[in-house]
Amino acid sequence: MKFYVMTLFPEMITGGLSYSILGRAIKSGIVSVEAVNIRDFTEDKHKHVDDYPYGGGAGMVMSCEPIERTYRHLCEKRRLRSRPRVIYLTPQGRVFDQTMAKEFAQEEDLFFLCGHYEGVDERVLDAIVTDRVSIGDYVLSGGELASMVMIDAIARMVPGVLTNEESGSTESFEGNLLEYPQYTRPEVWQGQRVPEVLLSGHHAKIEEWRRQQSILRTWETRPELLDGAELSKKERKFLEEIKKNSGAEM
Ligand code: 6GU
């Protein structure tokens, strides 16, 4: 899978994505990330990428021309057969989640447009953007960090990026439950013991305890996720018990 990022800060993208699992996937050639500087596609001598907003107001707006030329350069260089998916990062977009990550991972080429200043001229967005995406309800200074978040989550869904060992954790989020707590040595740390069941070697019991911990955590911090969770009859009863007890405390 190939990611193309149109940005004013290409080093931010390539630097930030060169570590850990994504760094490994890039080195091995399963995915590639190319960050292109929009400023390289200006034609005036001061390399302007933005201008004052029509109608007045604070800040500057990124101009159509350099962005469209960056886009065209990439399309022509890549000899794309069809129009690529182009994601514009904006708090006004649809909120990104694991389901979208899986869907975007089906694409062979994925473009990102990172805006800055007060925004981007709407006409170039209408011309090239296929998806407007937000990564949550807060404001970032630019689309770069948001695109890095998305690329990490999407690349993990590309076959071969995760080892068998690593694939487990996304599965459990897709089951709409939060992860259970983990422990490693020592057995006692600052007087706190590792839960006894984990030392028992009883695999069925351990599995049951972990599922219960996941349900408990999800209820405590993200109860809305439980609507979409697949629970056994026994687990439903466990959840009802938790609910009753938490009601008693209120
Ligand atoms: Cl996708 N972009 C920007 N600039 N700010 C954001 C965002 C995206 N998602 C949340 N805040």
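The values are calculated or read from the model by the stated rules, or taken from the named source; none is laboratory data. Since the model is a prediction, treat every value here as computed from it, not as a measurement. In this analysis, Cβ positions are derived from the backbone assuming ideal geometry, glycine residues included, and neighbour counts consider all displayed protein chains. Ligands, DNA and RNA are excluded from the accessible area calculation, which covers all protein heavy atoms including side chains. Shrake-Rupley method; radii C 1.70, N 1.55, O 1.52, S 1.80 Å.
How far, in degrees from 0 to 90, does helix 203-221 lean away from the longest principal axis of the Cα atoms of the chain, to the nearest 10?
Once rounded, the angle reads 60 degrees.
Taking the Cα centre of the chain as origin and charging only Cβ (+1 Lys, Arg; -1 Asp, Glu), how large is the dipole, in debye to the nearest 20?
Taking the Cα centre of the chain as origin, the dipole is about 640 debye.
Two decimals is fine: what is log10 I(q)/I(0) at q = 0.08, 0.10, 0.16, 0.17 Å⁻¹ for the chain, from a Debye sum with one equal scatterer on every Cα and no solvent?
Cα-only, vacuum Debye calculation for the chain: -0.45, -0.65, -1.16, -1.25.
Calculate how steeply helix 233-249 sits against the longest principal axis of the alpha-carbon atoms of the chain, using the helix alpha-carbon long axis, and give the answer as 0 to 90 degrees to the nearest 10.
90
Of Gly160, Leu239, Tyr180, which is farthest along the charge dipole of the range 104-250 in the positive direction, counting Lys and Arg as +1 and Asp and Glu as -1 at C-beta?
Leu239
What's the carbon and sulfur percent of the chain's accessible surface, probe 1.4 angstrom, rounded to a whole number?
C and S fraction of accessible area: 50 percent.
Note the full-extension length gain between Glu207 and Thr184 as 0.36 nm times their separation in residues minus their Cα-Cα distance, in nm to one decimal.
6.6 nm
Using the heavy atoms of the protein chains alone and a 1.4 angstrom probe, what is the accessible area of the chain per residue in square angstrom?
62
Distance between Cα centroids, the range 74-131 to the range 25-63: provide it in whole Å.
14
Putting +1 on Lys and Arg Cβ atoms and -1 on Asp and Glu Cβ atoms, find which of Gly191, Leu17, Ser141 reaches farthest to the positive end of the dipole of the chain.
Gly191
Going by Cα centres, the range 135-164 and the range 195-250 are how many Å apart?
29
Could you pull out every one of the aspartates and glutamates with an alpha carbon less than 13 Å from that of Lys205, ignoring same-chain neighbours closer than 8 positions?
Result set, ordered by chain and number: Glu196.
Taking the Cα centre of the chain as the origin and placing charges on Cβ (Lys, Arg +1; Asp, Glu -1), which of Phe96, His73, Leu216 is farthest toward the positive end of the dipole?
Of the listed residues, the answer is Leu216.
Show which aspartates and glutamates lie in cross-link reach of Lys47 when reach means a straight Cα distance below 12 angstrom and same-chain residues fewer than eight apart are skipped.
Leaving aside aspartates and glutamates fewer than 8 places away in the same chain, those within reach of Lys47 are Glu65.
Name the lysines eligible as straight-distance cross-link partners of Lys2: C-alpha to C-alpha under 20 Å, and not fewer than 8 places from it in the same chain.
Cα-Cα hits under 20 Å: Lys27, Lys77, Lys102.
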